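Engineer: Pasting in a structure now, in structure tokens, and then I'll have a few things to ask.
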Amino acid sequence: MLDSIINRAQIEIEACDETIVVESNEAEVNKLHLIVVKTPGCNLTAVGHHIDYCVSVKNESGVDVEDLLFRDVLDSHTSYVTGSFMVNGAPATPTVQGQTITYLIPEIEDDEEIVICFRVRVDS
């Protein structure tokens with residue numbers, strides 16, 4: 001899916017009883033199109049157990065996208081397991097403040113998919 005917004009500007013001037021029109025180049029801006037899907041590693045759990053979550057992010061914008069801020073607010077009955085955060089299978093370090101996990105994704109190329117996984121502990 002590649003949708004874009006295309007626009008052009010004009011300058012008009014009256015000179016010698018004529019209208020002269022000068023057009024700009026065509027400016028094209030792609031519409032952001034990311035597909036984000038979060039899945040749990042299990043459908044049933046209990047206090048003291050863990051849940052592994054994975055979030056896939058696919059860029060179908062037609063261009064590379066930079067500086068995406070991933071944010072996940074955890075349920076109040078869970079806590080993040082330190083050291084469990086992975087991006088495409090490689091360890092990464094998110095920022096964790098209370099129940100909120102954030103991570104800056106530097107870039108996702110067009111048609112690229114990244115997968116972020118982490119673990120939480122069920123506290124109550």
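The values are calculated or read from the model by the stated rules, or taken from the named source; none is laboratory data. What you are looking at is a predicted structure, and each value in this text was computed from that prediction instead of being measured. Neighbour counts are summed over all protein chains in view; Cβ atoms, including those assigned to glycine, are modelled from backbone coordinates with ideal geometry.
Engineer: Between a first residue in the range 15-40 that is under 12 Å from V57 (Cα atoms) and a second residue that is acidic (D, E) and loosely packed, with under 10 Cβ neighbours inside 10 Å, which pairs have beta carbons less than 7 Å apart while being 6 or more apart in sequence or on different chains?
Structural biologist: Correct list of pairs: empty, since none qualify.
Engineer: Assess whether I116 counts as being surrounded by 11 or more Cβ atoms within 10 Å (Cβ to Cβ), among the hydrophobic types (A, V, I, L, M, F, W, C) and at pLDDT below 95.
Structural biologist: Criteria not met by I116.
Engineer: Report yes if L32 is modelled with pLDDT under 95 and either touching a helix residue (DSSP H, G or I) at 6+ places or on another chain (Cβ under 7 Å) or surrounded by 13 or more Cβ atoms within 10 Å (Cβ to Cβ) (or both), otherwise no.
Structural biologist: The answer is yes for L32.
Engineer: Inspect all residues belonging to the range 70-84 and state whether any of them is free of Cβ contacts under 8 Å to residues at least 60 places away in the same chain, of a type in the set (A, V, I, L, M, F, W, C) and surrounded by fewer than 11 Cβ atoms within 10 Å (Cβ to Cβ). Write out each step before concluding.
Structural biologist: First, pick out the residues of the range 70-84 that are free of Cβ contacts under 8 Å to residues at least 60 places away in the same chain: 70-84.
The next check asks that each one be of a type in the set (A, V, I, L, M, F, W, C); those that pass are 70, 73-74, 81.
Filter once more, keeping what is surrounded by fewer than 11 Cβ atoms within 10 Å (Cβ to Cβ): 73.
Yes: the range 70-84 contains one or more residues that are free of Cβ contacts under 8 Å to residues at least 60 places away in the same chain, of a type in the set (A, V, I, L, M, F, W, C) and surrounded by fewer than 11 Cβ atoms within 10 Å (Cβ to Cβ).
Engineer: Would it be correct to say that R121 is closer than 18 Å to V36 by Cα and either surrounded by 11 or more Cβ atoms within 10 Å (Cβ to Cβ) or in contact (Cβ under 8 Å) with a residue 12 or more places away in the chain (or both)? Write out each step before concluding.
Structural biologist: Values: closer than 18 Å to V36 by Cα: no; either surrounded by 11 or more Cβ atoms within 10 Å (Cβ to Cβ) or in contact (Cβ under 8 Å) with a residue 12 or more places away in the chain (or both): yes.
No, not satisfied.
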